[in-house]
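Here is the structure we will look at.
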Amino acid sequence: MGEAMRLVVFDLDYTIWQPEMYQLYSAPRLTPIDSRSNQALSAEVLEEAKTKKEGHVLTGNSYSPMRVFKGAAFALNEIETMKSLGYDIQAAVASKTDEPSWAQICLRHLVINDNGTTLGSCFKEGMVEISYGSKVNHFERLHRKTGIKYEQMVFFDNEYGNIRDVSTLGVKCYYTPDGMMKEDWETAKTAFGIDLTSSSSSGGTASSCESDLL
Ligand SMILES: [Mg+2]
């Protein structure tokens, strides 16, 4: 048998969310969806821009409020489901974003489902690595903290340079140039032989999780 998937690592800017922090003009803040600047937002944008505060989105004076890519929300929901099913799996962040404090605001407020699960709550203490330099360094730190082998890690990033660097460690890396898609997560699960649909114990939980998102 191959290795188990034990650590799922995500880039933030344009992998988990859009726009990127460098595209914001100010720290993201909660604004009501019925305010003048938000009135033209489509239902699809509002769905991806949900925050834990009902009727509010996070705006950083950009062309768009902060939005979570559907595929990222899907993967994080499934990881939460897998944890509840007893899988030894966790999620982490490896980011070089320009505005770490703004990213922390997004992690605190953006949600991944209708239950109000925040992005930040998907990552345990110490599992959010934000710093400059090669992402190899981020992974070395995550490896030291968790003891998890590189071969048991998965990484999603929209920049090919990061994918190239981190794959030298033996991490399974997936390039997500258009933001994380559900297919990217499915491909990674297949590579590790994970099939949640075939498990009778997981069927109910996994499908109810899915219906939240669709
Ligand atoms: Mg990125």
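Coordinate-derived values only; no laboratory data. Computed from a prediction, not measured in an experiment: that's the story for all the values here. Reconstructed Cβ throughout: ideal geometry from the backbone, glycine too, with neighbour counts over all protein chains shown.
Brief remarks follow.
- More than 21 angstrom apart: percent of Cα pairs within the stretch 107-204: 46 percent
- Look at the Cα gyration tensor of the stretch 1-90: its axes a ≥ b ≥ c give a/c of at least 1.5 with a/b over b/c, and that counts as prolate.
- Within the chain, percent of DSSP bridges classed antiparallel, to nearest 5: 30 percent
- Calculated FRET efficiency for the pair Y22/E54, C-beta based, R₀ 35 Å, to 0.05: 0.75
- With a Förster radius of 30 Å applied to the beta-carbon distance between D88 and S167, the computed FRET efficiency rounds to 0.80.
- Alpha-carbon centroids, the stretch 100-115 and the stretch 1-73: separation in whole Å: 8 Å
- From largest to smallest, the equivalent ellipsoid semi-axes obtained for the chain from the alpha-carbon gyration tensor read 28, 21, 14 Å.
- Dividing the summed helix terms, -39500 (n - 2.57) for each DSSP H run of n ≥ 4, by the number of residues in the chain produces a 222 nm estimate of -10500 deg cm²/dmol to the nearest 500.
- Length added when fully stretched, A4-R29, from 0.36 nm per residue minus Cα-Cα: 5.1 nm
- Rounded FRET efficiency, nearest 0.05, which uses the C-beta distance separating E140 from R108 and R0 of 25 Å: 0.40
- Links that overshoot a 20 Å alpha carbon limit, given the list K70/K96; K50/K189; K83/K189; K53/K182; K96/K149; K149/K182: K70/K96; K50/K189; K53/K182; K96/K149; K149/K182
- More than 16 angstrom apart: percent of Cα pairs within the stretch 63-143: 56 percent
- Dipole size of the chain about its Cα centre, with +1 on Lys/Arg Cβ and -1 on Asp/Glu Cβ: approximately 560 debye, rounded to the nearest 20.
- Going from the residue with the fewest nearby Cβ atoms within 10 Å to the one with the most, L85, L12, L169 rank L85, L169, L12.
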